[in-house]
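First comes the structure, then the notes that go with it.
The values are calculated or read from the model by the stated rules, or taken from the named source; none is laboratory data. None of the values given here were measured: they were computed from a predicted structure. Because the Cβ atoms are built from the backbone with ideal geometry, glycine has one as well, and the counts that use them run over all protein chains shown. Each accessible area value is taken on the protein alone, full model and side chains, heavy atoms only, with ligands, DNA and RNA left out. Shrake-Rupley method; radii C 1.70, N 1.55, O 1.52, S 1.80 Å.
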Amino acid sequence: MSAELNSLATIPVIAIDGPSASGKGTVAQLVADKLGFHYLDSGALYRIVALAAQQQKINWDSAEALGTLAKTLNIRFKEGEIYLNDARITELVRTEEIGRGASEVAIHPQVRAALLDLQHSFRQLPGLVADGRDMASVVFSDAKLKIFLTASVEARAERRYKQLKNKGLNADYDKILTDLQQRDCRDSARSASPLIQSLNALLLDTSQRDIQQAVGFVLNAYKKLS
Ligand code: CDP
């Protein structure tokens, strides 16, 4: 192992994986804030690829073209905002359509490989909290703490429904439930880095827990390791 890789390995990573709408993004961000760690929202990268492809009229099933596109993207995260080639795209990547696109482009190994270096570059002192589907299994397989954060599909649909309603948007519970079931299926069934609970990951089921309890669980588990 090179000296550089060796020193990278000493920077602690907390990997939080789980299905759509499990609350892992919120939990990961709050844990990072508490510990003063950096935060990687890896799902945002797949969303950005889906959006950039849409803008450049590249189909979400064109594996090679998407892989090339993903390598050339100029992505910047700054103060809660996301920039693509200097254009602010924070809200554009959060739509349900782009979420669906993200799960379609994410099945291609070419896209996943193109995003690896970028994800590794977030590993900086004093530490990193990374959330996604394959943080523990692939991207940070040497993470100090691995969490598989999930909740029943009904609890997740209910949460997403309330989120949309609170924003004053139209929401149809049955459609949200079907969308989540399809997304779960696509994320778990794909051959490239499927969503799975890693062998040594702790299971955190938030069906009956609120965000603060989930954050407490992760911080506690991390403290026990230190
Ligand atoms: O907001 P939601 O949890 O639905 O999705 P997200 O975390 O923003 O990720 C969007 C999509 O990107 C997911 O449905 C996955 O298919 C894909 N993804 C992935 O394949 N690997 C990751 N590490 C993160 C996200």
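Could you list, in sequence order, all residues of the stretch 70-95 that are touching a residue at least 24 places away in the same chain (Cβ under 8 Å) and either part of a strand (DSSP E or B) or surrounded by 15 or more Cβ atoms within 10 Å (Cβ to Cβ) (or both)?
Taking the stretch 70-95 first, the residues touching a residue at least 24 places away in the same chain (Cβ under 8 Å) are 70-71, 73, 75, 77, 82, 84, 89, 92-94.
Within the stretch 70-95, ALA70, LEU73, ILE75, PHE77, ILE82, LEU84, ILE89, LEU92, VAL93 qualify.
Kindly provide the set of residues from the stretch 43-59 that are within 16 Å of the ligand (Cβ to nearest atom) and among the aliphatic types (A, V, I, L, M), ordered by number.
ALA44, LEU45, ILE48, VAL49, ALA50, LEU51, ALA52, ALA53
Given the conditions (1) open to solvent by less than 70 Å² (accessible area, probe 1.4 Å); (2) under 15 Å from the mean Cα position of the chain (by Cα); (3) within 11 Å of the ligand (Cβ to nearest atom); (4) in contact (Cβ under 8 Å) with a residue 24 or more places away in the chain, report the number of the one that LEU116 does not fulfil.
With (1) open to solvent by less than 70 Å² (accessible area, probe 1.4 Å); (2) under 15 Å from the mean Cα position of the chain (by Cα); (3) within 11 Å of the ligand (Cβ to nearest atom); (4) in contact (Cβ under 8 Å) with a residue 24 or more places away in the chain applied to LEU116, the lone miss is (4).
Across the stretch 14-27, what is the number of residues that are over 18 Å from ASP142 (Cβ atoms) and open to solvent by less than 30 Å² (accessible area, probe 1.4 Å)? Give the steps one after another, and end with the answer.
Taking the stretch 14-27 first, the residues over 18 Å from ASP142 (Cβ atoms) are 18-27.
Of the ones still in play, those that are also open to solvent by less than 30 Å² (accessible area, probe 1.4 Å) are 18-25, 27.
Residues flagged as over 18 Å from ASP142 (Cβ atoms) and open to solvent by less than 30 Å² (accessible area, probe 1.4 Å) within the stretch 14-27 amount to 9.
Can you tell me which of GLU97, GLU64, GLU79, GLU104 is acidic (Asp, Glu) and within 16 Å of the chain's Cα centre (by Cα)?
After ruling out the rest, the residue left standing is GLU104.
Please identify the pairs in which a residue from the stretch 174-192 that is hydrophobic (A, V, I, L, M, F, W, C) has its Cβ atom under 6 Å from the Cβ atom of a residue that is in a helix (DSSP H, G or I) and open to solvent by 30 Å² or more (accessible area, probe 1.4 Å), counting only partners at least 6 apart or on another chain.
The qualifying pairs are ILE176/ARG160; ILE176/TYR161; ALA192/PRO109.
Say whether the condition of being near the ligand (Cβ under 9 Å from one of its atoms) and of a type in the set (Gly, Ala, Ser) is met by at least one residue in the stretch 135-153. So that I can check it myself, show each step before the final result.
First, the residues of the stretch 135-153 that are near the ligand (Cβ under 9 Å from one of its atoms): 135, 138-139.
Adding the requirement that they be of a type in the set (Gly, Ala, Ser) leaves none.
Within the stretch 135-153, none of the residues are near the ligand (Cβ under 9 Å from one of its atoms) and of a type in the set (Gly, Ala, Ser).
Just checking, which of ALA102, ALA28, ALA52, ALA106 is in contact (Cβ under 8 Å) with a residue 12 or more places away in the chain, in the same structural domain as ALA136 (by TED's automatic domain parsing) and of a type in the set (A, V, I, L, M, F, W, C)?
After applying the criteria, what remains is ALA28.
Go through the stretch 193-214 and report how many residues are within 15 Å of the ligand (Cβ to nearest atom) and without any contact (Cβ under 8 Å) to a residue 12 or more places away in the chain.
Residues flagged as within 15 Å of the ligand (Cβ to nearest atom) and without any contact (Cβ under 8 Å) to a residue 12 or more places away in the chain within the stretch 193-214 amount to 0.
Go through the stretch 215-226 and count every residue that is without any contact (Cβ under 8 Å) to a residue 12 or more places away in the chain and under 17 Å from the mean Cα position of the chain (by Cα).
0
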